[in-house]
1. Within the range 206-257, restricting attention to residues that are loosely packed, with under 14 Cβ neighbours inside 10 Å, assigned to a loop (DSSP other than H, G, I, E, B) and among the small types (Gly, Ala, Ser), which residue is modelled with the lowest pLDDT?
2. Please go through the range 162-187 and pick out each residue that is closer than 19 Å to residue 263 by Cβ and either free of Cβ contacts under 8 Å to residues at least 40 places away in the same chain or among the polar types (S, T, N, Q) (or both).
3. In this structure, does residue 84 turn out to be at pLDDT 90 or above, surrounded by 15 or more Cβ atoms within 10 Å (Cβ to Cβ) and either under 20 Å from residue 274 (Cβ atoms) or of a type in the set (Ser, Thr, Tyr) (or both)?
4. Name the one entry in 243, 227, 275 that is hydroxyl-bearing (Ser, Thr, Tyr) and in contact with a Gly (Cβ under 7 Å, 6 or more places away or on another chain).
5. Here are some conditions: (1) touching a residue at least 12 places away in the same chain (Cβ under 8 Å); (2) surrounded by fewer than 19 Cβ atoms within 10 Å (Cβ to Cβ); (3) more than 19 Å from residue 291 (Cβ to Cβ). Residue 131 meets all but one. Which one does it not meet?
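The values are calculated or read from the model by the stated rules, or taken from the named source; none is laboratory data. Just so you know, these numbers come straight off a predicted model, no measurement behind them. As a convention, Cβ positions derive from the backbone with ideal geometry for all residues, glycine included, and neighbour counts pool all protein chains shown.
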Amino acid sequence: MLKDNISDLMSFIIVAREGSFTRAAAQIGVSQSALSHAMRGLEERLGMRLLTRTTRKVTPTTEGTRVLERIAPRLDEIGEELQALIEMRDRPAGMIRITATDYAADTVLWPKLFPVLRDYPDLKVEVIADYGLTDIIGEKFDAGVRLGESVADGMIAVRIGPDFRMLVVGSPDYVAEHGHPGSPQELTNHVCINLRLPTHGGLYAWEFEKDGREIRVRVDGQLTFNYVGPVVAAALEGYGFGYVPESLVEEHIAAGRLVSVLEDWSPPFPGYYLYYPHRRQASPAFAVLVDALRYNP
């Protein structure tokens, strides 16, 4: 019975996940009618309906949902094991998908990935920029990059970057006109450049710490961005204070184009980590990538 059903079960999983015979057929490489016929045959052999079909959508029945929850993860594991076997060749090969913020991708991932990709031409890496706390298992990523405090429980975490610090910066003209804030709370009296992050439920509240005291301040201003690059550009143009990673602005500070304030409220903290599930198979390709990214102070 298993031999007869295994192929159709895998096709069912694709149909249920896609919610469409058309998209599933294109993914599998068969005609829509052939796929529909196979699903009916599977249902007849099992003696139960697995799919509810409408003119617009295909959804799993209660029994179909049970198959997705109980059987699909096991078939996924078999597929991962087979992929690991395929990758076990003299030269590490295969696709590795990583989710990271744009800043982490630019400053941590790319500088270390460049020589790896050059040395291992059969290795492919896809990096998806995302500020959300992505479910790497559900979204089928091999690994994610986040600050240490954001790594989910139950994950293997490998440090890949140095200590990290955020700084409040503004242009010399803005600071000359509006003055230095004496404390984080005084930022509410200044024009600031906001950052919208899905991980913080909307606008990011600027975080400060001094002598064990932690403060979060919600600021206001004309501009809001959803990634840090434009925040630096706006601060350089005098649109107020921005709160950004130190490495993005240290050259501007040294050149006098930006002024840093409240530095005593901005201590460094552990930087970026690569994280991945415990069950992730250590294929040669993945092992090469982890070793290349590992932080060695």
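1. Out of the qualifying residues, it is 212.
2. 171, 176, 178, 179, 182, 183, 185, 186, listed by residue number.
3. Answer is no for this residue.
4. Result of the check over 243, 227, 275: 275.
5. Result: residue 131 passes all but (2).
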